[in-house]
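Take a look at the structure set out below.
What follows draws every value from the coordinates through simple rules; no lab data is involved. Remember, predicted model here, so these are calculated numbers, not experimental data. No Cβ is skipped: glycine too gets one built from the backbone with ideal geometry, and neighbour counts run over all protein chains shown.
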């Protein structure tokens, strides 16, 4: 009755060994990773704000971005500012500002991996502007043609009235 069940001690030691080994493995992996810098944390916060459509929060976290006269801004900060400015869900959307941010990434940080993405965004924004310009031209052409159609319809109505009068004169002469 006072006897310990067989294997309980070995079972306990096995679980203890597994737990200690797991602790050292997990703890050891954490020491190999570099600590996350405050700027990286801020960039992650900006991304989270953008995903949640809190553009005021994102803009506040990104501010201030130095002008060209100052030291060049971090390429990721410029890129994120461009993404926030270009986001169609952003009520303060500004495509010219977004293009400016992307242009700065491409010019000030050509070695950055984000420079390629920024160049793609510049191309997309330029293409959009060209399409908007073409749409404006087509709209003005359409408006001009509509006015011309209305003028031709008015001429047609006048000619039909004149024809009716001439028919009436011709019938009266017979």
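Before moving on, here are some points about what is shown:
Residues checked against (1) exposed (fewer than 12 other Cβ atoms within 10 Å of the Cβ); (2) touching a helix residue (DSSP H, G or I) at 6+ places or on another chain (Cβ under 6 Å); (3) part of a helix (DSSP H, G or I):
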{"position": "101", "(1), (2), (3)": "no, yes, yes"}
{"position": "107", "(1), (2), (3)": "no, no, yes"}
{"position": "118", "(1), (2), (3)": "no, yes, yes"}
{"position": "138", "(1), (2), (3)": "yes, no, yes"}
{"position": "142", "(1), (2), (3)": "yes, no, yes"}
{"position": "156", "(1), (2), (3)": "yes, no, yes"}
{"position": "160", "(1), (2), (3)": "yes, no, yes"}
{"position": "172", "(1), (2), (3)": "yes, no, yes"}
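- Against the list (1) assigned to a helix (DSSP H, G or I); (2) over 17 Å from residue 46 (Cβ atoms), the condition residue 60 fails is (2).
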